[in-house]
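Have a look at the structure below, then the notes.
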Amino acid sequence: MIEFQHVKKVYDDGFQALKEINLEFKKGELTVLIGPSGCGKSTTMKMINRLMTPSSGKILINGKNVSEQNPVELRRNIGYVIQNIGLFPHMTIGKNVAVVPHLKKWDKAAIDKRVDELLRLVNLDPEVYRDRYPSELSGGQQQRIGVARAFAADPDVILMDEPFSALDPISREQLQDELIRLQEELNKTIVFVTHDMDEAIKIADTIVLMKDGEVIQTGSPERILRHPANDFVRTFIGQKRMDSETSIDIPIVDEVTVPNPVTIFPSRGLAEAIKMMERRKVDSLFIVDRQHKLQGIVSIYNVLDQYGEENKTVKDVMKPIGYLVRPGTPLPDAVKMMSEHRLTNLAIVDDTGKFVGLITRGSVVKHLSEVYPSIVDSLANTFGEEA
Amino acid sequence: MNAFLSFVQERGADIAVALRDHLTISAAAVLLGCLVAIPLGIALVYNRFNWLNSIVFFLANLLQTVPSLALLAILIPLMGIGMKPAIIALFLYSIMPILRNTYDGFDSVDRGVLESARGMGYGTLQRIIRIQLPLALPYIMSGIRVTSVYIISWATLAALIGAGGLGQLIVSGLGVNKPELIITGALGAIVLAFLIDGLLGWLERVLTRRFGRTSSITA
Ligand SMILES: Nc1ncnc2c1ncn2[C@@H]1O[C@H](COP(=O)(O)OP(=O)(O)OP(=O)(O)O)[C@@H](O)[C@H]1O
Ligand SMILES: [Mg+2]
């Protein structure tokens, strides 16, 4: 367990990076430090392994003050992963993973065994990767090695500073999943820095939200989502801010649209239509002309029905639009329409026939989940005033 | 051509001595240069006072600009004549490029690499030897190669203060008006420079492979 007691940090240039931090990182938990850039996340983390020294206050690991321990020894007992990976380019993957066991003077057989074990743990075949150099691996694979390396000497505490933020979204998701799996198996005390709220929600046991060198709120992801402490937290977790007056207003359809409805010109062929559906993961397309006037809709079934006829275009197989709404229609009316006629989506078309937006079941649910907590708050306030 | 070859054969012993002296002077100068400039370069990277770095680089640059003949002449009253002052003079010239390259090499090591080395528990000395030195090695070696090549060429001047070497052949050639001697001296210096450059290139590759890429286990 790691404890911060009244920790302050003033840099040499007089900048106060941490105002006064009191924190507890629980044993066996993954705690995420999150907040805007420059709020002091890295500073906080680096004081745990003494890469930085607090200006005042104490940091205890299992009750022992870190400032009383030899920094080099201390660091060998704490795993460390950083954003730009920091693999040593002149050492093979095997040697990179073996760094800390080697520094701790394990014997060679034990190191070799451990290296293979760790590579398997992060889903890389030791036979293939052990003797390669970091430059011969993809970014995602390199960061896997970074993670494996932090676990190498089986430390109780692991620090990770934005370890996945330089990766593409797919590798990032994969590594997050792997970290969750590793953590379920190994139960380390992990401190993880990120500024991606989705990442925090996905992996954290506890989230510590920071701003300008202060801790704003601490709690489980569930708790922070349900009870954001203030507007800053609300904005940060991506809920639409609404003051109590407007929150009682009924939303209109324009606020609930999907960002980029998939449209196609009438003259396009059927194979093109299928490709587009596949790429955008939708089952129907809206057909609009050059003036963006809505012509009709075509579903995957309409297309497949006539797919054999190579000369047909989407214009030939499209269906007319059965139901549509005007901009400014109250959301409840639209939702009623959708449920009555079992519609999965509903086009918004203006007076001139232009296609201006689309609402779907998904976009409605998303909107409700975003505003829901603040509606609850404002209702609570209203009742509170009456009582 | 034949005449030239038979001349070389005839004076073979003298040429061999000249070559040996030339090599001794150059090698000693570059070696001393390495011994001084590499640690100094590392110290400058770790030094936090920028003004000190500026002063050291200024002095090293200044040395570089003193005409070699003048430097040799200055050293005569201090050290007399012979090999010793020649080696010292050439050593002074070798400092700057090796220093510069060592500094740049150490400075070029990725911040992330250094931070993770520190964060994982490398001590300062371990970090220098196992991480920074291997990664800076290509820079340092190229500094040494460049230096060696021009030190070998400048070492011909050492004959002027009685240090011997291939320059001796040139000086005698001028004295007795024997072009073969001049050509032999010049050609010898060129060939020597080429050979040493090749040798150091080979050494660089070997070192990179051994010291660099396997340092974690062997170091
Ligand atoms: N060595 C330093 N000297 C002076 N100020 C510093 C130093 N290191 C960091 N700072 C300042 O301290 C503040 C906190 O820095 P820190 O690196 O902890 O931020 P962070 O929350 O990790 O941000 P990011 O998300 O951008 O990594 C920043 O305003 C930064 O400019
Ligand atoms: Mg940071």
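Among the numbered criteria (1) within 14 Å of ligand 2 (Cβ to nearest atom); (2) in contact with a strand residue (DSSP E or B) (Cβ under 7 Å, 6 or more places away or on another chain); (3) outside any strand (DSSP E or B), which one does A:Gly28 miss?
Going through (1) within 14 Å of ligand 2 (Cβ to nearest atom); (2) in contact with a strand residue (DSSP E or B) (Cβ under 7 Å, 6 or more places away or on another chain); (3) outside any strand (DSSP E or B) one by one, A:Gly28 breaks only (1).
Taking the conditions exactly as written (surrounded by fewer than 18 Cβ atoms within 10 Å (Cβ to Cβ), out of contact with any helix residue (DSSP H, G or I) (no Cβ under 9 Å at 6 or more places or on another chain) and farther than 26 Å from A:Asp205 by Cα), does A:Glu68 satisfy them or not?
Yes, satisfied.
Tally the residues that are away from every other protein chain (no Cβ under 12 Å) and among the basic types (Lys, Arg), restricting the search to the range B:83-136.
Number satisfying all stated conditions: 2.
Within 22 Å of A:Gln83 (Cβ to Cβ), free of Cβ contacts under 8 Å to residues at least 60 places away in the same chain, crowded, with 16+ Cβ neighbours inside 10 Å and away from ligand 1 (no atom under 16 Å from the Cβ): is that true of A:Ile201 in this structure?
Here the answer is yes, as A:Ile201 does meet what is asked.
When you go through (1) surrounded by fewer than 22 Cβ atoms within 10 Å (Cβ to Cβ); (2) out of contact with any Gly (no Cβ under 9 Å at 6 or more places or on another chain) one by one for B:Ile87, which number turns out not to apply?
The number of the failed condition is (1).
In the range A:17-56, which residues are away from ligand 1 (no atom under 14 Å from the Cβ) and touching a Pro at 6+ places or on another chain (Cβ under 7 Å)?
Result: A:Arg50, single match.
State all residues of the range A:255-271 that are surrounded by fewer than 16 Cβ atoms within 10 Å (Cβ to Cβ) and of a type in the set (D, E, K, R); if no residue qualifies, say none.
Scanning the range A:255-271 gives a single hit, A:Glu255.
Considering only the range A:277-352, give the helices (runs of 4 or more DSSP H) lying wholly within it that have at least 1 residues that are touching a residue at least 60 places away in the same chain (Cβ under 8 Å) and not basic (Lys, Arg).
In the range A:277-352, the matching helices (runs of 4 or more DSSP H) lie at A:331-340.
Could we say that A:Asn96 is touching a residue at least 60 places away in the same chain (Cβ under 8 Å) and facing chain B (nearest Cβ under 10 Å) here?
No, not satisfied.
Out of (1) surrounded by 20 or more Cβ atoms within 10 Å (Cβ to Cβ); (2) at pLDDT 90 or above; (3) within 16 Å of ligand 1 (Cβ to nearest atom); (4) among the β-branched types (Val, Ile, Thr), the odd one out for A:Ile85 is which?
That leaves (2) as the condition not met.
Out of the range A:82-93, which residues are of a type in the set (A, V, I, L, M, F, W, C) and more than 7 Å from every other protein chain (Cβ to nearest Cβ)?
The answer is A:Leu87, A:Ile93.
Which numbered condition in (1) under 26 Å from A:Ser220 (Cβ atoms); (2) within 14 Å of another protein chain (Cβ to nearest Cβ) is the only one that A:Asn77 fails?
(1)
For residues in the range A:136-166 being closer than 23 Å to A:Ile34 by Cα, without any contact (Cβ under 8 Å) to a residue 40 or more places away in the chain and more than 16 Å from ligand 1 (Cβ to nearest atom), which is nearest to the other protein chains (Cβ to nearest Cβ)?
Filtering the range A:136-166 for residues that are closer than 23 Å to A:Ile34 by Cα, without any contact (Cβ under 8 Å) to a residue 40 or more places away in the chain and more than 16 Å from ligand 1 (Cβ to nearest atom), the one nearest to the other protein chains (Cβ to nearest Cβ) comes out as A:Arg144.
Return the residue satisfying two criteria in turn: it lies in the range A:1-12 and is more than 14 Å from chain B (Cβ to nearest Cβ) and within 15 Å of ligand 1 (Cβ to nearest atom), and of such residues it is surrounded by the most Cβ atoms within 10 Å (Cβ to Cβ).
Checking each candidate, the answer is A:Lys9.
The values are calculated or read from the model by the stated rules, or taken from the named source; none is laboratory data. As the structure is a prediction and not an experimental result, all values here were calculated from the model. All Cβ positions, even for glycine, are placed from backbone atoms using ideal geometry, and neighbour counts span all protein chains on display.
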